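Undergrad: Okay, handing you the structure first.
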Amino acid sequence: MPISAPTKASQEVANEIRQAFRRAKKVRAVGAVSLKRLRLVLGNAGAQPGKYVLTQATKAELDALGDAAKDVFGWVARDGAGQVVTRAGRPVITFTPRGLSSLEEAVKTFGHETKHLKDFAAGLIVSSEAMAEETGEKLWLVVQRSLGR
């Protein structure tokens, strides 16, 4: 059975499909994630991000950190007395640009900081960094499964 020459319409469809795939690759290649996307992904994974206020660090906050800002992914806001700062009764988790540099980093940072919040709520004054890191890693595994990766 002979194969017919491609028609103009089929070539246009093929070009549109190629362009769509190129756009998808560009979108996937963009590393930074928004707080909105993070909330959606966490919600789909069952992590209940609505219990927390998620914010981005302001320029003033990053300037106050100085050189240490490059090593910080995020933090739980606390007042001078060490109490967790809340807005409308919800604890505040602040993300730096590094913490939002990719979906993986954002999810791990969220898991890390929520572990600290749970420890503080349980009455601990100091929370274990190793346990918080492990919690972030475990949350990332859950999110990966929910994304089908």
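No lab work stands behind these numbers, since they all come straight from the coordinates. All of these numbers come straight from a predicted model, not from anything done at the bench. With ideal geometry, Cβ positions are generated from the backbone for all residues, glycine too; neighbour counts draw on all protein chains shown.
Undergrad: How much length is gained if the chain between Leu40 and Arg149 is pulled fully straight, taking 0.36 nm per residue apart and subtracting their Cα-Cα distance, in nm to one decimal?
TA: 37.6 nm
Undergrad: For a test of the definition: using alpha carbon positions, the gyration tensor, and the 1.5 limit on a/c, classify the stretch 38-140 as rounded, prolate or oblate.
TA: Note, shape of the stretch 38-140 comes out rounded.
Undergrad: While we're on this one: In the stretch 83-114, which residues have a backbone nitrogen under 12 Å from the label point lying 7 Å from Ala32's Cα in the Cα-to-Cβ direction?
TA: Label zone hits: 96-102.
Undergrad: Could I ask something else about it? Number of Lys-Lys pairs in the stretch 33-147 under 15 Å by Cα, sequence gap 8 or more or different chains?
TA: Taking the stretch 33-147 as the scope, the lysine pair count is 6.
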